[in-house]
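Right, one structure below, let's go through it.
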Amino acid sequence: MALDFLILYEHVVREYESLLLLKLELERRGYSVEIRQLLDRKKLRYFTYKKPRVLVSSNMYDNEGLNSHVYNNVGRCQRVVNLHWEQMLSDTQEEEAWFNFAGNAKKCVQTCWGELTRQRLIAHGVPEQNAVVTGAVMMDFVRPEFEGYFRTKAELCNAFGLDSEKRLTLYISSFGYASMDDAEVAELSKMAGTDFGEFARVNRSSMKTTLDWFDRYLGEHPEVELVYRRHPSEWNSPALAELAAKRPNFHVIFEDSVKQWIVAADDIFIWMSTAIAEVYFAKKNCQILRPEPIPHEFDPVIYAGGRYVTDYAGFAAAAQQTEAAFPVDAARIEGYFDNGTAPAYLRMCDLLEEIYRSEPRDTPFDAEFQPRFNLLKFFALGGVHLLYALKLEPKKVFFFSKPLADFAQRIYGYVDKAHISKAEITKMEERIAPFVR
């Protein structure tokens, strides 16, 4: 029996919660839906008797992406929807060809969180019928319709050993480059064709100054609990460990979603994370900490014209405010994140249902595109998943060949990072289900 919708994801933290919301709503409407990771084993059933009518992809920018995300997972498919998870860019990135799609990727349906992104894509050659404003599904969880979805401040604090009677301050970090050494930054710059050297310097300097501010403030204000929500790349930071050891009211916590912490927090500080949109829609008190300017080519456009706190005195004063004007223009946020009368997941499912029932809007797999099947990836993924199931790391199994070990270990790392257990999925579904009506 054919599958109605196959949804592919890349990152669990970024996508899975939203995808489950879409899945449950589509199933409520009577459709069959499955969610798979981009690097899951390729299964013949998706090419044959269970071939999906609609393929919903995470991200794809060109013919290579169309080949990898669609053809190598299900074969030819003319009903392709791109969820386009990377929509918050810098002004420089907004003009780059890569982020505006090339080749037959333009012939897929591109979902847009807001009208400003839609206008940008159309200006760069995406046909109007292929650029559709749906809103951002991840923002639905902070809408009034989802009241009660998140744990209360007291429940969250109790779960992590924090004093719920104290003021809960949240810092959302984006210092991903601060943990990299110069060699790593140089290698990344070479791979991307962009010099990240100055941005890495600003990461390190801004992180050091910000932690100095926290150290001083928390010493003066023991009545505050500060939760530092680290960036996923800040996995090896002695500075964070040192401050946590020094100040008992400084906590580095990565567990649970950033939206959960946003909803529970009394005050929120941020550097350059696009999570500021969630903060805005959750109607929370927020300030932007910028000890020094961020190079514009790396600064998300949503921050343009924002009001920044640039010194300790300003930070200390802001930390004492219980209410302040939002530091980013509301019209700008809502231009990138359309806040319609209906939740985005319903609008997205309306679009998916329309695409399912109608003739294809365009022809991604026309004569201009010559797809190719990657046999190496097909067999390599099967082997790596077998090793992962057996908990055998490739670097130990293929010790006799460093190139093979490195290749397999890299894929193994991606698979491990994107893994989510069936128990975790069931728990998330049970939590979301009461809000799907």
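Observations
- Number of residues in segment 271-288 that are β-branched (Val, Ile, Thr) and surrounded by fewer than 23 Cβ atoms within 10 Å (Cβ to Cβ): the value is 2.
- Some residue of segment 233-249 being out of contact with any strand residue (DSSP E or B) (no Cβ under 9 Å at 6 or more places or on another chain) and under 27 Å from Arg307 (Cα atoms): yes
- Residue, farthest from the chain's Cα centre (by Cα), within segment 96-114, restricted to residues that are crowded, with 21+ Cβ neighbours inside 10 Å and small (Gly, Ala, Ser): Ala105
- Here Asn339 meets the list (1) in a helix (DSSP H, G or I); (2) open to solvent by 40 Å² or more (accessible area, probe 1.4 Å); (3) under 30 Å from Gly65 (Cα atoms) almost entirely, failing just condition (1).
- Any hit, segment 365-376, residues being closer than 21 Å to Leu66 by Cβ, open to solvent by 30 Å² or more (accessible area, probe 1.4 Å) and assigned to a helix (DSSP H, G or I): yes
- Within segment 177-188, being under 20 Å from Pro232 (Cβ atoms), in a helix (DSSP H, G or I) and out of contact with any helix residue (DSSP H, G or I) (no Cβ under 6 Å at 6 or more places or on another chain) holds for Ser179, Glu184, Glu187, Leu188.
- Scoring Phe146 on the criteria (1) open to solvent by 20 Å² or more (accessible area, probe 1.4 Å); (2) touching a residue at least 40 places away in the same chain (Cβ under 8 Å) leaves a single failure, condition (1).
- Positions within segment 387-437 being of a type in the set (Ser, Thr, Tyr), outside any helix (DSSP H, G or I) and more than 21 Å from the chain's Cα centre (by Cα), in sequence order: Ser401
- For segment 31-69, a tally of residues being hydroxyl-bearing (Ser, Thr, Tyr) and out of contact with any strand residue (DSSP E or B) (no Cβ under 6 Å at 6 or more places or on another chain) returns 5.
- Hey, Leu211 farther than 23 Å from Thr274 by Cβ, crowded, with 19+ Cβ neighbours inside 10 Å and modelled with pLDDT of 95 or more or not: no
- Any hit, segment 19-26, residues being open to solvent by 40 Å² or more (accessible area, probe 1.4 Å) and in contact with a helix residue (DSSP H, G or I) (Cβ under 8 Å, 6 or more places away or on another chain): no
- Those helices (runs of 4 or more DSSP H) lying entirely in segment 43-147 with at least 2 residues among the acidic types (Asp, Glu): 91-94
- Residues (free of Cβ contacts under 8 Å to residues at least 40 places away in the same chain, surrounded by fewer than 18 Cβ atoms within 10 Å (Cβ to Cβ) and not basic (Lys, Arg)) located in segment 240-259: Ala241, Glu242, Ala244, Ala245, Pro248, Val252, Phe254
- Subset of segment 2-42 [more than 22 Å from His385 (Cβ to Cβ), outside any helix (DSSP H, G or I) and of a type in the set (D, E, K, R)]: Asp4, Arg29
- Residue in segment 27-34 that is among the aliphatic types (A, V, I, L, M), open to solvent by 20 Å² or more (accessible area, probe 1.4 Å) and at pLDDT 95 or above present: no
The values are calculated or read from the model by the stated rules, or taken from the named source; none is laboratory data. Everything numeric in this text was worked out from a predicted model, so none of it was measured. No Cβ is skipped: glycine too gets one built from the backbone with ideal geometry, and neighbour counts run over all protein chains shown. Remember, those area values only see protein heavy atoms, side chains included, never the ligands or the DNA or RNA. Shrake-Rupley method; radii C 1.70, N 1.55, O 1.52, S 1.80 Å.
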